[in-house]
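For reference, the structure is listed below as structure tokens.
The values are calculated or read from the model by the stated rules, or taken from the named source; none is laboratory data. These numbers were taken from a predicted model, which means no experiment stands behind them. Don't worry about glycine lacking a Cβ; one is built from the backbone with ideal geometry, like all the others, and counts go over all protein chains shown. Surface accessibility is based on the protein's heavy atoms, side chains included, excluding ligands, DNA and RNA. Shrake-Rupley method; radii C 1.70, N 1.55, O 1.52, S 1.80 Å.
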Amino acid sequence: MNAAASKPQVLSVQDLVYAYRTADGEIEAISDLSFAVHEGEFVSIVGPSGSGKTTLMKIVAGLLQATKGSVRILGKPLTGRVPDGVALVFQDYSRSLFPWMTVQRNVEFPLSHRRASRADVAQRSRESLSAVGLVDFATRYPWELSGGMQQRVAIARALAFRPRLLLMDEPFASVDAQTRADLEDLVADVHQQFGTTILFVTHDIDESVYLSDRVLVLSAHPARLLLDREVPLSRPRDQVATRELHDFVRLRAEIAGLILRPGTEKTASSPQDTSPGGR
Amino acid sequence: MATTSAGYARARARAGFRKTIRGVVGIMVALAVWQVLASIGFVRPEWFPTATTVLGDAVALLGQSAFTLQVLSTLYDMLLGLIISTVVAVPLGVLLGRFPLAYRMSSVLVEAMRPIPALALTPVAILLFGLSGATTVSLVVWTSTWPILINSVYGMHSVDPVALDTARSFGLGRWTALYRVALPSAAPFIATGIRIAIGIALAVAVATEMVTGAGSGVGGWIVQASSGGSLIPVYAAAVLVGLVGYLLNYLFERIERRLFRWHLSYRKEGA
Ligand SMILES: Nc1ncnc2c1ncn2[C@@H]1O[C@H](COP(=O)(O)OP(=O)(O)O)[C@@H](O)[C@H]1O
Ligand SMILES: [Mg+2]
């Protein structure tokens, strides 16, 4: 299981701080965060809502610039530009798909402004659409599809980009339970099949354990790292059987203890300054 | 799914038919009232002719090239003006919508100039362009620019930041994202601005021609025709101008509905 750690680092975050500048002063969203993601790893970040997960994803995707600290992608520091080879699947999928484009055009969007031949683009979009089971919907518009299907389009679009690092920001937060389970297994399949390195953000503890090789637990606002733990579960995993395993239950309970009763943990570990206005 | 969408289509067709019938009935009632009032004869028939007289005259006018050529001349000036103001106002509006500082610096100026009616500027236009079609074009440009500019800014402000972030996250530069994401998002708003402009442009073109006179355009034609003492041709021309305006608006709406099928406001009606 620890094999991943010897692989090259795809993402390395060092002493990251991020503060939003607003009219009422600065709001610190991330305070001093460090972690790394290795090639082929599936890492989940779990934390309460408002803890700074989306902020972190936007920084890694190059949409926001870190206030302090460094972020390296494949060894190269982020320098105010959008990094190559990173794709982000947004929390708000319906707003991130372009309603004036068909499903196929949406999927081809990240390729269309690159130097790729028409045939290559078509081939890649077909491949990604078939990976998410939406080949038959290529000529439809996103708004003609259900929420779960729209999220699959967003995933296909990210896959067509063939990212070295796939960022997913609470991608299944607003779909029903059945769809959610299907999409979780879809992403797990994609990870296995393409060997994609995935950084997956969720506020759902079960989901984080079920999907990943490693779980990072963030504190409530502003984000600090509370736990970085390998998930001792073999693949492929099963929606029912895996969730009943002793290791699964124990890890879930440990994370729940950190997130739901943060006070008890704080006194136990090294003393940290309590910041006002959590959530 | 298929049956419901077919059901929707049928319901939509029925609603469209009902709307057309109501519109036709409304016009018939108005014409009947007009006919009766004019027939009573409490105003001289040269000043207030009956509906049938005016409509008959309008149909006859359509056959006269002396008149239809003037209509074409007015339409030409109006379209030229619309094209110029679109070419100027859309890029300007997109830039103002994109750069908040430029918008804040210009918005008061825009709000102060917008209410200045074209007619108030006629003397200036005549000085600059003489008694020609260019005067008409310039005043159409003045009036059309504002709704197109303001709607373009509004369209840019309504572009979803998530859509822009998506474009940026896939490595599109600012200008590519503007062209490929912001502009298509704002397009329905820009089109609304152009449709509003079409509505006022025709009225402004005809009014300008009536002031500059000299027999050019529908406006000029109306001034000449009314000098004969009878108002019947004036009414007939007015009816035809109204009809042209209606058709232009109808045509443009059809185009919008087709192009922006994807936009929320058209998803129900679009097929
Ligand atoms: N644009 C912004 N301006 C100011 N504060 C923000 C902004 N976006 C997020 N925040 C604040 O930063 C914190 C973290 O937000 P976010 O990263 O969206 O959390 P999460 O994704 O974990 O729910 C929250 O307290 C939120 O209120
Ligand atoms: Mg979030």
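So the values come out like this:
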read-out	value
All positions within the stretch A:9-42 that are small (Gly, Ala, Ser) and free of Cβ contacts under 8 Å to residues at least 24 places away in the same chain	A:Ala23, A:Gly25
Flag for B:Ser73 being under 30 Å from B:Leu183 (Cβ atoms), in the same structural domain as B:Ile232 (by TED's automatic domain parsing) and either surrounded by 14 or more Cβ atoms within 10 Å (Cβ to Cβ) or in contact (Cβ under 8 Å) with a residue 12 or more places away in the chain (or both)	no
Single unsatisfied condition, A:Ser208 versus (1) within 16 Å of ligand 1 (Cβ to nearest atom); (2) more than 30 Å from A:Asp32 (Cβ to Cβ); (3) among the hydroxyl-bearing types (Ser, Thr, Tyr)	(2)
Checklist (1) farther than 22 Å from A:His203 by Cα; (2) within 16 Å of ligand 2 (Cβ to nearest atom); (3) aliphatic (A, V, I, L, M) applied to A:Ala23, failing item	(2)
Which listed residue, of B:Gly155, B:Gly219, is in contact (Cβ under 8 Å) with a residue 24 or more places away in the chain, within 14 Å of another protein chain (Cβ to nearest Cβ) and over 30 Å from A:Met168 (Cβ atoms)	B:Gly155
Residue ranges of helices (runs of 4 or more DSSP H) in the stretch A:82-178 with at least 1 members within 19 Å of B:Leu164 (Cα to Cα)	A:93-96, A:103-112, A:147-160
Test: residue in the stretch B:187-206 that is within 14 Å of chain A (Cβ to nearest Cβ) and either among the aromatic types (Phe, Trp, Tyr) or in a loop (DSSP other than H, G, I, E, B) (or both)	yes
Number of positions in the stretch A:213-241 that are of a type in the set (Val, Ile, Thr) and within 16 Å of ligand 2 (Cβ to nearest atom)	1
Output for the stretch B:225-271, where each listed residue is touching a residue at least 12 places away in the same chain (Cβ under 8 Å), within 30 Å of A:Arg140 (Cα to Cα), outside any helix (DSSP H, G or I) and not basic (Lys, Arg)	B:Phe260, B:His263, B:Glu269, B:Gly270, B:Ala271
Some residue of the stretch A:137-148 being modelled with pLDDT of 90 or more, of a type in the set (Lys, Arg), surrounded by fewer than 23 Cβ atoms within 10 Å (Cβ to Cβ) and over 17 Å from A:Ser208 (Cα atoms)	yes
Failed criterion for B:Pro91 (all others in (1) more than 25 Å from B:Val159 (Cα to Cα); (2) in a helix (DSSP H, G or I) hold)	(1)
Answer from A:Val132, A:Val121 - the residue that is more than 9 Å from chain B (Cβ to nearest Cβ) and surrounded by 21 or more Cβ atoms within 10 Å (Cβ to Cβ)	A:Val132
Residue that is most open to solvent (accessible area, probe 1.4 Å), among those in the stretch B:210-258 that are under 23 Å from B:Val43 (Cα atoms) and of a type in the set (Ser, Thr, Tyr)	B:Ser227
Qualifying positions in the stretch B:96-122 - open to solvent by 80 Å² or more (accessible area, probe 1.4 Å), within 19 Å of B:Ala207 (Cβ to Cβ) and not in a loop (DSSP other than H, G, I, E, B)	B:Leu119
The stretch A:5-22: number of residues that are crowded, with 18+ Cβ neighbours inside 10 Å and away from ligand 1 (no atom under 12 Å from the Cβ)	4
Test: residue in the stretch A:202-211 that is in contact with a Ser or Thr (Cβ under 7 Å, 6 or more places away or on another chain) and either of a type in the set (D, E, K, R) or more than 15 Å from ligand 2 (Cβ to nearest atom) (or both)	yes
Scan of the stretch A:156-195 for residues that are within 13 Å of chain B (Cβ to nearest Cβ), more than 16 Å from ligand 1 (Cβ to nearest atom) and either polar (S, T, N, Q) or surrounded by 18 or more Cβ atoms within 10 Å (Cβ to Cβ) (or both), ordered by number	A:Arg157, A:Ala158, A:Leu159, A:Ala160, A:Phe161, A:Pro163, A:Leu165, A:Leu166
Qualifying residue in the stretch B:63-71 (condition: touching a Phe, Trp or Tyr at 6+ places or on another chain (Cβ under 8 Å), more than 30 Å from B:Pro161 (Cβ to Cβ) and of a type in the set (Phe, Trp, Tyr))	yes
Of all residues making up the stretch B:168-186, the number that are facing another protein chain (nearest Cβ under 8 Å), over 23 Å from the mean Cα position of the chain (by Cα) and either of a type outside the set (Lys, Arg) or open to solvent by less than 30 Å² (accessible area, probe 1.4 Å) (or both)	6
Candidate set: the stretch A:23-49, residues that are open to solvent by 60 Å² or more (accessible area, probe 1.4 Å) and within 12 Å of ligand 1 (Cβ to nearest atom); chosen: the one nearest to the other protein chains (Cβ to nearest Cβ)	A:Ala23
Some residue of the stretch A:196-207 being crowded, with 24+ Cβ neighbours inside 10 Å and more than 12 Å from the chain's Cα centre (by Cα)	no
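The rows are residues; the columns are (1) within 9 Å of chain B (Cβ to nearest Cβ); (2) in contact (Cβ under 8 Å) with a residue 12 or more places away in the chain; (3) surrounded by fewer than 16 Cβ atoms within 10 Å (Cβ to Cβ); (4) of a type in the set (Asp, Glu).
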residue: A:Gly62; (1), (2), (3), (4): yes, yes, no, no
residue: A:Ala66; (1), (2), (3), (4): no, yes, no, no
residue: A:Thr79; (1), (2), (3), (4): no, no, yes, no
residue: A:Ser96; (1), (2), (3), (4): yes, yes, no, no
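Listed here are the residues, each with its yes/no results for (1) farther than 24 Å from A:Val132 by Cβ; (2) modelled with pLDDT under 95.
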{"residue": "A:Glu28", "(1), (2)": "yes, yes"}
{"residue": "A:Phe35", "(1), (2)": "yes, no"}
{"residue": "A:Ser49", "(1), (2)": "yes, yes"}
{"residue": "A:Gln104", "(1), (2)": "no, no"}
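Here's the yes/no breakdown for (1) at the interface with chain B (Cβ under 9 Å from one of its Cβ atoms); (2) closer than 21 Å to B:Ala177 by Cβ:
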position: A:Thr54; (1), (2): no, yes
position: A:Arg72; (1), (2): no, no
position: A:Gly85; (1), (2): no, yes
position: A:Gln104; (1), (2): no, yes
position: A:His113; (1), (2): yes, yes
position: A:Arg126; (1), (2): no, no
